[in-house]
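A.B. asks: Questions regarding the structure given below will be posed in turn.
The values are calculated or read from the model by the stated rules, or taken from the named source; none is laboratory data. Bear in mind the structure is a predicted one, so any value in this text is a computation, not a measurement. We place every Cβ from the backbone using ideal geometry, glycine too, and count neighbours over all the protein chains shown. Areas reflect the complete protein model, heavy atoms only, side chains present, ligands, DNA and RNA absent. Shrake-Rupley method; radii C 1.70, N 1.55, O 1.52, S 1.80 Å.
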Amino acid sequence: MAEAQPSLTLSDLRPGFQFHQYQLLEQIGIGGQGVVWSAEDRQRDDIVAIKFNEIMGSEQQKVDDELFERELGKLLKVQHANILPIYECSLEGQVRYLVSPFIAGGSILEKIKRGPLALEEALRFSTEIASALDFLHQQGIIHRDLKSSNVLLNLKNHTYLADFGLARSVSDTTMALHTGRGTPVFAPPEQHKLLAITAKSDIYSFGILLFEIFTGQLPWGGETILGIQQLYSNIELPDPCTLDHTLPPLMKDVLRRVTSADPALRPASAAEVMKMIYYIFEIKDFPLSGELNTDRAVISSQDAEVMLDQSLSRWAMADDNTDLGLTKFALIHLDQKKRNENKIQDRASRFMLFHALMYGNQVEYWWPKVVDPAERLLISSALLSRQNGVIAGRVLDWLVKHQNLGRLPEDLSAKVAASLLEMAVKSTDPALSLILLSGLQALIPPGSAWGDSILSSELNTLLGNLALEDSDVGDQAARLAGHLYSQPAVNFILTNADKDRLIPALLEIQHSAGRLPVFVPRNIRLQVSMEWFIHRLTIQPARLFGAYMLALVGTTIGIGAQNYLTTRTLNLLDTLLISTSLYRGLITGAVFSLGILLTRVIVERFGGASALLRIILATVAGATGLNIAMLIFHILFIKTAPSGFLITLGCTVIAFAYAIGGLVRFRWVSMLISISAIVLAISGTWWVHTILAAASNVSTLWTPLFNYEYSWPMSRIFFTSIFVALWIGIFGNLTRLTVEAEPNSI
């Protein structure tokens, strides 16, 4: 069970709020000081209704609460086929909550409002209520708030007496056990006067309820309260036959006795009331209660099955008036989840996915149940056409996540584009506008040539106007204009954008379309190209800096190790030599790492260009940087200017390897390629140097990448170069520089 929340108030309640094991769904009722929420009960795997009442904190309220808590155990144990069970009732901060099963059919009041009840229904409802009421009284419990809205119906039209927020046990004294008056129109005179309440007080309320059940309305239309009038007059209940001429004339006498101002004159039980009603209707054998199933799991499953069948029979995706409601959807979902999934019909799956997307509930469960991508698109299109921004954002989010669905059919593209673009323009939520515009780009087929696009002239203008905003929404609008190859939108931007917004907007258009239309002036096109090139080089500077620092660490250690291992010394732990070697590695590596970074940036960040072109440019740029680094190394630390082209050759080999590695998906492969190239460059340039030196007898001819002792065998040089290459090759490739979130083009 969740931790206590002493500060809970009614304002904390919201969809998705986790309250103990209950996750709130939606508010389904309100009245007085309380509200009723539906919720998913994670422990019972069922849908429940929770009534929350705010406690006022008065002294009398505290006394009343103590009495209620004292009798709560008895209420929780009540079990009857026509009484809604109470799962839990407690206080949480200043809020009392009462948990009961959710009943899907609504209340008798709602059913009466839809039209007159058939006589058979009226008699059966009355009989079931009487059975429940007498059972409560036998347990020593008085309901105190019997009314039509507190009698619920399941989808098989069986009643449940509910809402025990005012219920109390019968006291042995004549003390009033409450401060509440119940619902005025149903309350007897003694309840209005705050006198002692007895079982006959509920019988009075039952009489008012019977009047409403058989006539379809309250006495005097609810405008006059009988219980209050009886405190100072001899007024009686109006004749129900004046409202329904088919009722037996004696119905007036029965109901007037039941609603007598004097409790002693009222019948002793609800069963006695029903016997009188059976008599006047000449019914000899009408059982007080039928054999009803009390298994909550079975009842819930039956309701869910009936609800699904009824909903499917009248459901049409294009009809805005067939919405199921989140609570009922959740009830059906739990039932379908418990059943054999293979038995779920295709139409039922489409129905459930439609409502899952509508409510943002259980989409991850129902999305894969609709296997055909075309069906998913059809469902999504129907929801998008409703022009509800929140629903549209939710639908687009799922469509974009599953782009394997493909694009919208051409006949839907223009319609959906117009609807979503209109919502994006009108929305006051930038995040929602961004989702709508991004979804449009993902769903609508891209244009192939600059022209009028699929949008109307008015929508092209709206799109262009939206792109003038210096914001994420404006950038996405510009990208959409490029995606659609909308010439009117680009013209609008060229004409109306200020100088600070024009280039960024056109840059976004070029990112999306791959090129700008020919009517864009050449000087503006050149500015955009330069901005684009600089942007690609410098985007995500933190990642660039991180990659450079890692490469610097590798080259510092690698070149430092090269210097340390090739210096003549008898003391391998010479701290001065170690610090000197690292210093040389740091100075050389600062430039060497820039060459590595430049090579990788050109290859990895300009993915829209030809791979061969990127490799050539990256190799030339990277080799230049590496050459400068080696020139610094030889002049500063070897004290000799390099000669020949071996260093240039070695640097080119290394740069080429890093360029090739930038095209490889796996980092470890890139590392292996770079390490191999560095070993080849170091040992290879030394090997060529020794051959040329032996042939010409001039040791300074064609300087190698690094110098070694001539007495060293090639095996030692090879393993030394491996040790150096490991540091440079691994650290130089640790971070991927590709910016996958943005399109690449030149």
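A.B. asks: Residues of segment 221-245 being in contact (Cβ under 8 Å) with a residue 40 or more places away in the chain and among the polar types (S, T, N, Q), which ones?
C.D. replies: Answer for segment 221-245, where residues must be in contact (Cβ under 8 Å) with a residue 40 or more places away in the chain and among the polar types (S, T, N, Q): just Gln230.
A.B. asks: A further question on this structure: Would you pick out the residues in segment 465-480 that are open to solvent by 30 Å² or more (accessible area, probe 1.4 Å) and among the hydrophobic types (A, V, I, L, M, F, W, C)?
C.D. replies: Leu468
A.B. asks: Would you point out the residue of segment 194-210, among those that are among the hydrophobic types (A, V, I, L, M, F, W, C) and more than 48 Å from the chain's Cα centre (by Cα), that is farthest from Lys275 (Cα to Cα)? Spell out the reasoning first.
C.D. replies: The initial filter retains those residues of segment 194-210 that are among the hydrophobic types (A, V, I, L, M, F, W, C), namely 194-197, 199, 203, 206, 208-210.
Subsequent filtering for residues that are more than 48 Å from the chain's Cα centre (by Cα) retains 194-197, 199, 203.
Numbers: Leu194: 31, Leu195: 29, Ala196: 27, Ile197: 24, Ala199: 18, Ile203: 14 Å.
The qualifying residue farthest from Lys275 (Cα to Cα) is Leu194.
A.B. asks: Would it be correct to say that Ile47 is at pLDDT 90 or above and buried (at least 16 other Cβ atoms within 10 Å of the Cβ)?
C.D. replies: The answer is yes for Ile47.
A.B. asks: Taking helices (runs of 4 or more DSSP H) that fall entirely within segment 471-576, which contain at least 1 residues that are within 30 Å of Gly622 (Cβ to Cβ), hydroxyl-bearing (Ser, Thr, Tyr) and free of Cβ contacts under 8 Å to residues at least 24 places away in the same chain?
C.D. replies: Counting at least 1 such residues, we get 522-538, 541-565.
A.B. asks: Of everything in segment 603-614, what is crowded, with 20+ Cβ neighbours inside 10 Å and either assigned to a helix (DSSP H, G or I) or among the charged types (D, E, K, R) (or both)? Give them in sequence order.
C.D. replies: Passing the criteria: Val603, Glu604, Arg605, Arg614.
A.B. asks: Filter segment 164-193 for residues that are at pLDDT 85 or above and of a type in the set (A, V, I, L, M); which is farthest from Asp134 (Cα to Cα)?
C.D. replies: Checked segment 164-193; the qualifying residue farthest from Asp134 (Cα to Cα) is Val185.
A.B. asks: Right, here's the next one. Within segment 58-69, is even one residue farther than 26 Å from Lys338 by Cβ, open to solvent by 20 Å² or more (accessible area, probe 1.4 Å), in a strand (DSSP E or B) and modelled with pLDDT under 90? Steps first, please.
C.D. replies: In the first step, residues of segment 58-69 are kept if they are farther than 26 Å from Lys338 by Cβ; the result is 58-69.
Imposing the further condition that a residue be open to solvent by 20 Å² or more (accessible area, probe 1.4 Å) reduces the set to 58-63, 66-67, 69.
This time we only want the ones that are in a strand (DSSP E or B), so: none.
No, because not a single residue in segment 58-69 is farther than 26 Å from Lys338 by Cβ, open to solvent by 20 Å² or more (accessible area, probe 1.4 Å), in a strand (DSSP E or B) and modelled with pLDDT under 90.
A.B. asks: Shifting gears a bit: Restricting to segment 98-116, what's the tally of residues that are surrounded by fewer than 21 Cβ atoms within 10 Å (Cβ to Cβ) and over 20 Å from Ala304 (Cα atoms)?
C.D. replies: 6
A.B. asks: For segment 135-164, what are the residues that are assigned to a helix (DSSP H, G or I), more than 22 Å from Ser300 (Cα to Cα) and open to solvent by 20 Å² or more (accessible area, probe 1.4 Å)?
C.D. replies: Phe135, His137, Gln138
A.B. asks: Related question: For the list (1) among the aromatic types (Phe, Trp, Tyr); (2) open to solvent by less than 20 Å² (accessible area, probe 1.4 Å); (3) within 19 Å of the chain's Cα centre (by Cα), I need the number of the one condition that Phe17 fails.
C.D. replies: (2) is the only condition that Phe17 fails.
A.B. asks: If the requirement is being more than 27 Å from the chain's Cα centre (by Cα) and open to solvent by less than 40 Å² (accessible area, probe 1.4 Å), which of these qualifies: Ser433, Ser427, Ser486, Ser457?
C.D. replies: Just one listed residue meets the conditions, Ser486.
A.B. asks: Going through Gln540, Gln527 one at a time, which residue ends up being open to solvent by 50 Å² or more (accessible area, probe 1.4 Å) and on the phi > 0 side of the Ramachandran plot?
C.D. replies: Gln540
A.B. asks: Does segment 586-593 include one or more residues that are within 30 Å of Ala693 (Cα to Cα), in contact (Cβ under 8 Å) with a residue 12 or more places away in the chain and among the aromatic types (Phe, Trp, Tyr)?
C.D. replies: Yes, segment 586-593 has at least one match.
A.B. asks: I've got another one for you. Is segment 122-130 home to any residue that is open to solvent by 10 Å² or more (accessible area, probe 1.4 Å) and either closer than 22 Å to Phe329 by Cβ or among the aromatic types (Phe, Trp, Tyr) (or both)?
C.D. replies: Within segment 122-130, not a single residue is open to solvent by 10 Å² or more (accessible area, probe 1.4 Å) and either closer than 22 Å to Phe329 by Cβ or among the aromatic types (Phe, Trp, Tyr) (or both).
A.B. asks: Restricting attention to segment 229-252, does a residue exist that is surrounded by 15 or more Cβ atoms within 10 Å (Cβ to Cβ), within 25 Å of Gln138 (Cβ to Cβ) and modelled with pLDDT of 95 or more?
C.D. replies: No, there is no match, as no residue in segment 229-252 is surrounded by 15 or more Cβ atoms within 10 Å (Cβ to Cβ), within 25 Å of Gln138 (Cβ to Cβ) and modelled with pLDDT of 95 or more.
Residues are listed down the side, and each one gets a yes or a no for (1) at pLDDT below 85; (2) open to solvent by 60 Å² or more (accessible area, probe 1.4 Å); (3) touching an Asp or Glu at 6+ places or on another chain (Cβ under 9 Å):
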site: Asn361; (1), (2), (3): no, no, no
site: Ile379; (1), (2), (3): no, no, no
site: Val400; (1), (2), (3): yes, no, no
site: Gly406; (1), (2), (3): yes, no, no
site: Glu422; (1), (2), (3): yes, yes, no
site: Leu443; (1), (2), (3): yes, no, no
site: Leu463; (1), (2), (3): no, no, no
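A.B. asks: Could you check, for segment 93-101, whether at least one of its residues is assigned to a strand (DSSP E or B), among the small types (Gly, Ala, Ser) and at pLDDT 90 or above?
C.D. replies: yes
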